[in-house]
1. Would you list the P(r) distribution for the stretch 4-85, with all Cα-Cα distances sorted into 10 Å bins from 0 and each bin expressed as a whole %?
2. At 0.36 nm per residue, minus the direct Cα-Cα distance, what do GLN81 and LYS63 gain on full extension? Give it in nm, one decimal, please.
3. Quick check: net charge around LEU52, other residues with Cβ under 13 Å of its Cβ, Lys/Arg +1 and Asp/Glu -1?
4. For the stretch 4-85, with the dipole built from +1 on Lys and Arg beta-carbon atoms and -1 on Asp and Glu ones, taken about the Cα centre, which of GLN69, SER6, LEU16 lies farthest toward the positive end?
5. For VAL85, enumerate residues with amide H under 5 Å from its amide H, sequence gap 5+ or separate chain, H modeled in the peptide plane.
6. Go ahead and set up a Gaussian network model of the chain, Cα springs under 10 Å, then flag whichever of ARG72, ARG27, ARG64 fluctuates most.
7. Give me the net charge for the shell around ALA66: Cβ to Cβ below 13 angstrom, other residues only, Lys and Arg +1, Asp and Glu -1.
8. Quick one: 3J(HN,Hα) in Hz for the stretch 9-21, Karplus 6.51/-1.76/1.60 with θ = phi - 60°, rounded, Gly and Pro as x.
Amino acid sequence: MVKRRSIEVHCGCGKLLARYSKGGKGRLVKMFFERILVDACGVFLTEPAPALHQELFCPQCQKRIATVQVIRGKFAAKLNQGAIVQP
């Protein structure tokens, strides 16, 4: 069984993007939408849901933070490693 921990995900500009339930060790590479606990700025869990291959941007600095992909049959945000900070 994989241990999960709750982490905060910030943009490089300091804007809080989300709280996420991360499993495993290592850096955050992707965020499955079903594991996002809080979408602090309304980027990930929008109505209607983001389309496949849609790019997601920080509402504060307008940097591209992720691209929507299907990974192992689930929708996820594939993160741009240069744009996010995981404290």
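Bear in mind that the values in this text are calculations on the coordinates, not laboratory data. Remember, it's a predicted structure, so these values are computed and weren't measured experimentally. Cβ: placed from backbone, ideal geometry, glycine included. Neighbour counts: every protein chain shown.
1. P(r) over the stretch 4-85, rounded to whole percents: 19, 58, 22, 0.
2. Details: separation 18, 0.36 × 18 = 6.48 nm, distance 1.16 nm.
That works out to 5.3 nm of additional length.
3. After counting each charged neighbour, the total is +1.
4. SER6
5. For VAL85, whose amide H was placed from the backbone, the distant partners under 5 Å are HIS10, CYS11, GLY12.
6. ARG72
7. On the way: positive: LYS30, LYS63, ARG64, LYS78; negative: ASP39, GLU55.
Taking every other residue near ALA66 into account, the sum is +2.
8. Karplus-based 3J(HN,Hα) across the stretch 9-21 equals 10, 10, 6, x, 7, x, 5, 6, 9, 6, 10, 9, 8 Hz.
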